[in-house]
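Below is the structure I would like to discuss, written out as structure tokens.
The values are calculated or read from the model by the stated rules, or taken from the named source; none is laboratory data. Source: prediction; values computed, not measured. Backbone-built Cβ (ideal geometry, glycine too); neighbour counts: all protein chains shown. Just so you know, the surface numbers come from the protein's heavy atoms only, side chains and all, with ligands and any DNA or RNA stripped out. Shrake-Rupley method; radii C 1.70, N 1.55, O 1.52, S 1.80 Å.
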Amino acid sequence: MWQSLLDAYRDRIVDTGREPLFLLLLGLVLAFLFIRISTRLIRAQVRWWPGNVTPGGLHIHHVVFGQALLLICGVAAFALRGDGGAWWNLLGFGFGVGCGLVLDEFALVLHLKDVYWSTQGRTSVDAVMLAVATIGLLLLGELPLGGFARHPDGPTLAGAVVLLALVVVSLLKGKTWTGLLGIMLWPLAVVGALRLARPQSPWARWRYRSRPRRLARAERREERIHRRLVAAKTTVYDLLAGTPDADLDPAAAVGPAQPAPAPPPAVEPPPPAPWRLRCAAFAQWYLRIATVIDLLGALVAPFRTQVARVDRGEYFTPALVTPGFTTALLAGLLAVMLRRRKRAAWIAALAVALVHAALFALALAFPEFRAHPFNWVSAALTLALLLALLLGRPVFRVRGGRGNLPLAAAVLLAGGALLTGLGAAAVRLAHADGEPSWGEAARYGLLRLVTLSGVVRVGDVDVPRWTDLTLNLLGTALLLLTLRILLRSPRGGERQSPEDEAALRRLLERHGDRDSLGYFALRRDKSVCFSASGKAAVAYRVVNGVALASGDPLGDPEAWPGAIEEWQRQARAHAWIPAVTGAGEHGGTVYARVAGLRALHLGDEAVVETAGFTLDGREMRGLRQTCNRVARAGYRVVVRRHRDLPAEEFADLVRLADAWRHGRTERGFSMALGRLGDPADGDCLLAECRDEAGRTAALLSFVPWGPDGLSLDLMRRDRESDNGLVEYTVVRLLEQARDGGPAVRRVSLNFAMFREVFEERLGAGPVLRLWRGVLRFLSRWWQLESLYRANARYRPHWVPRYVLYEKASELPAIGVANALAEGFLTRPRLRRGRRADRT
């Protein structure tokens, strides 16, 4: 279709001498769209956008630049002699840009005041639409007043006068659009002149006062037809040019200045109507089906050939139905992000649908394209997608992160330029017969970055199939990166404030004994959602687009549903994936009932009751021998609360803990506090293992678990010291608590992922043995089996923990987010120096 469309453009536009007029129309439309986007960004106070032009404090309106362009391009066009050629095309485009800038502020020139964002400013949009329609009709061959020859005769002039009279009558009847377009299309002028006038028009005031029945008919028609048309036009104008500000009451403006009223509290908008949800679902399914077709076309050669055959010549396929990985990825990502109701995805899909709809409308203007029913089907499907997106607009409310657009544009332009250059070099090297020019090679490489189908022929370029596939895969990777940046969710930069932390500590004082992971909600890289009563809270952190909560909610269980609903609302508002890691059975049940989440057994938490702990018995033989060996070496354990340690000694212990940390990344999220030595954590307990010389060789830090429990937070030891120091420290702590030392009834140790897999069972099946082998292989890098074996030595009580998710398709993203939060995976970053805000 594209090559035929280019041929038709050359035959109907270029060869007939209408290319300057076409470029004028293109410049007008592009300038209007650009300046409207610019003013809307300025109005929204987007930080990265340059803003108004104000040299020396003087605001220069863009109508000034438009007037300058009109003057320069108009005078230059008259000054050219002979055949202007490419200069006329350039001047026509520049003249169109000037027209777009001037007409966009037509209301300012008309009213002699800045009414850009008022209802009166809509006159500018009307002027642009009228100019676009008039120039479009000129391109189609329509001439004003029926057209004139070089020397018009009497009948031609009489016809023009009659047509002009009909136009004037239409305007007097209040039918502005019908009358003005009737200058180009005489049937519109005839219809406008013959039909009833609008009730507020001059014609109605002059002619209908003595005819009440006709006036009543005009008012009924106004209510039934015109008001609906005006409402539809207003909706389109709001989408295209932005919603105007509310006009001020003139009577209020005359009186004395009143203080501005306080802004009303933010109210959550009502849910979209069901029919709008169905429109949004139609757009998503269209994109999913297009993704499948594009993937089949990219992978299956016969199918790709069939689609390419349809897409050539005088046929065209629906929007985004083009064989290739790039278009498949584009359609697939748009479908996923539309399902998450992201506004940026809606804008991107709408732009794609608009471009395709405009091209198909242009193609159907030519008889050779209108003759094929398949083209009408393709156009109808594209139009259905466009209408579904427009009607489903209120569904897509989720805003993206700040700075996504400029960064995505920079990545796309820089990466596209780089890949186009590399593709041109690869095409010249891989060409079988001779070397194409750099221009042809670059054009071919750019096309192959987008699609694998030969919808546009580029000279006689002939390269191996692997070259096309490689270029398309590189284009797919670039598009993936660009869309990932453009559509990424906000990062959730809000962290715990001192007020939030104080409120959480009050909840822990009352209900801290319910969950051993409760104190870890005080991590300061977590955000908090409180219930309306403030009696419950959910602590979470946004990781890789996942709102990852950990443990059970804090506070009164009766208030948990309110906190969960607020957390889920925040996730919906920012298109985050809701997930919970390390939830207990009670918390998981409430999450499932309130938020509709599903549960997956993740592992078990080792909990030891101090009253029944002993090293006696055959099962404790290994741990008993380890402790006896360490005790004979002269080691001893000192247990103190954090608040009882002198500041200088605690600072030395913190430096030792940092030095003994394995790797640069701090591990832990759901069962790690992320800090040591903070004065606010005075209730935490520190157990030191010292050698016979009194030097600290290992240290363990525990956080409170209610009034009589502890939960393990941090384990560090000197790697040059003897083995078994951690086990010895834990055993001595348990024995001291049992014998009346620290008032501790239970101790939560490490979390063992996939405990049931590692636990030896009689009659284990082949699937379980295979899964155990995989996990043992992964344990070479991540301490999966070793954590289980270390915890099992204490013969603890195992408490199951669950990961909660909403959709099974989101489990990979949740798994990556969990691994990033726990420190098992790290993002590669450039080092920018040590962070100063670490505590």
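Restricting attention to the range 355-373, which residues are in contact (Cβ under 8 Å) with a residue 60 or more places away in the chain and more than 28 Å from Thr476 (Cβ to Cβ)?
Correct list: Leu362, Ala365, Phe366, Glu368, Phe369.
Sticking with this one: Condition first: surrounded by fewer than 20 Cβ atoms within 10 Å (Cβ to Cβ), closer than 19 Å to Tyr519 by Cβ and not hydroxyl-bearing (Ser, Thr, Tyr). Can you find one or more residues in the range 548-569 that meet it? Walk me through how you get there before you give the answer.
Looking only at the range 548-569, we keep the residues that are surrounded by fewer than 20 Cβ atoms within 10 Å (Cβ to Cβ), and these are 556-558, 561, 565-566, 569.
Checking the rest, the ones that are also closer than 19 Å to Tyr519 by Cβ come to 556-557.
With the extra rule that they be not hydroxyl-bearing (Ser, Thr, Tyr), the set shrinks to 556-557.
Looking for residues that are surrounded by fewer than 20 Cβ atoms within 10 Å (Cβ to Cβ), closer than 19 Å to Tyr519 by Cβ and not hydroxyl-bearing (Ser, Thr, Tyr), one finds at least one in the range 548-569, hence yes.
Looking only at residues in the range 678-697 that are small (Gly, Ala, Ser) and in a loop (DSSP other than H, G, I, E, B), which one is surrounded by the most Cβ atoms within 10 Å (Cβ to Cβ)?
By that ranking, first place goes to Gly682.
A follow-up question, please. Scan the range 273-306 residue by residue and report those that are more than 27 Å from the chain's Cα centre (by Cα) and either buried (at least 21 other Cβ atoms within 10 Å of the Cβ) or modelled with pLDDT of 90 or more (or both).
Matches in the range 273-306: Gly297 only.
Working carefully through the options Ala345, Ala363, Ala351, find the one that is under 28 Å from Arg488 (Cβ atoms) and open to solvent by less than 20 Å² (accessible area, probe 1.4 Å).
Working: Ala363 fails: under 28 Å from Arg488 (Cβ atoms); Ala351 fails: open to solvent by less than 20 Å² (accessible area, probe 1.4 Å).
Among Ala345, Ala363, Ala351, only Ala345 is under 28 Å from Arg488 (Cβ atoms) and open to solvent by less than 20 Å² (accessible area, probe 1.4 Å).
Only residues that are of a type in the set (Gly, Ala, Ser), without any contact (Cβ under 8 Å) to a residue 40 or more places away in the chain and either part of a helix (DSSP H, G or I) or within 15 Å of Ala595 (Cα to Cα) (or both): list them for the range 525-548, please.
Ser531, Ala537
Can you tell me which residue in the range 787-813 is most open to solvent (accessible area, probe 1.4 Å), limited to those that are part of a helix (DSSP H, G or I), in contact (Cβ under 8 Å) with a residue 60 or more places away in the chain and touching an Asp or Glu at 6+ places or on another chain (Cβ under 9 Å)?
Ala790
State all residues of the range 31-76 that are assigned to a loop (DSSP other than H, G, I, E, B), aliphatic (A, V, I, L, M) and under 19 Å from Val115 (Cα atoms); if no residue qualifies, say none.
Ala44, Val53, Leu58, Ile60
Please enumerate the residues belonging to the range 144-162 that are at pLDDT below 75 and of a type in the set (A, V, I, L, M, F, W, C).
Matches in the range 144-162: Leu145, Phe148, Ala149.
Same structure, new question: Mind telling me which of the residues Leu413, Leu447, Leu419 ends up being at pLDDT below 80, on the phi < 0 side of the Ramachandran plot and among the aliphatic types (A, V, I, L, M)?
Result of the check over Leu413, Leu447, Leu419: Leu447.
Moving on. Mind listing whichever residues of the range 387-410 are assigned to a helix (DSSP H, G or I) and either in contact with a His (Cβ under 8 Å, 6 or more places away or on another chain) or open to solvent by 50 Å² or more (accessible area, probe 1.4 Å) (or both)?
The answer is Leu387, Leu390, Leu391, Arg393, Leu405, Leu407, Ala410.
Could we say that Leu508 is under 28 Å from Phe702 (Cβ atoms) and either open to solvent by less than 20 Å² (accessible area, probe 1.4 Å) or out of contact with any strand residue (DSSP E or B) (no Cβ under 8 Å at 6 or more places or on another chain) (or both) here? Lay out the reasoning, then the answer.
Working: under 28 Å from Phe702 (Cβ atoms): yes; either open to solvent by less than 20 Å² (accessible area, probe 1.4 Å) or out of contact with any strand residue (DSSP E or B) (no Cβ under 8 Å at 6 or more places or on another chain) (or both): no.
The answer is no for Leu508.
Separate question: Select from the range 573-615 the residues that are charged (D, E, K, R) and touching a Lys or Arg at 6+ places or on another chain (Cβ under 8 Å) and write down the one among them that is farthest from Glu810 (Cα to Cα).
Glu609
Continuing with this model, one more query. Which one of Leu700, Leu710 is within 43 Å of the chain's Cα centre (by Cα), closer than 16 Å to Gly518 by Cα and either open to solvent by less than 20 Å² (accessible area, probe 1.4 Å) or in contact (Cβ under 8 Å) with a residue 40 or more places away in the chain (or both)? It would help to see each step written out before you state the result.
On the way: Leu700 fails: closer than 16 Å to Gly518 by Cα.
Step by step, each of Leu700, Leu710 is checked, and only Leu710 is within 43 Å of the chain's Cα centre (by Cα), closer than 16 Å to Gly518 by Cα and either open to solvent by less than 20 Å² (accessible area, probe 1.4 Å) or in contact (Cβ under 8 Å) with a residue 40 or more places away in the chain (or both).
Please work out if Arg220 is surrounded by 10 or more Cβ atoms within 10 Å (Cβ to Cβ), within 20 Å of Lys175 (Cα to Cα), basic (Lys, Arg) and at pLDDT below 80. Give the steps one after another, and end with the answer.
Numbers: surrounded by 10 or more Cβ atoms within 10 Å (Cβ to Cβ): yes; within 20 Å of Lys175 (Cα to Cα): yes; basic (Lys, Arg): yes; at pLDDT below 80: no.
Against the criterion (surrounded by 10 or more Cβ atoms within 10 Å (Cβ to Cβ), within 20 Å of Lys175 (Cα to Cα), basic (Lys, Arg) and at pLDDT below 80), Arg220 does not qualify.
Filter the range 44-92 down to the residues that are modelled with pLDDT under 85, surrounded by 13 or more Cβ atoms within 10 Å (Cβ to Cβ), more than 26 Å from Glu19 (Cβ to Cβ) and of a type outside the set (A, V, I, L, M) and list them by number.
Trp49
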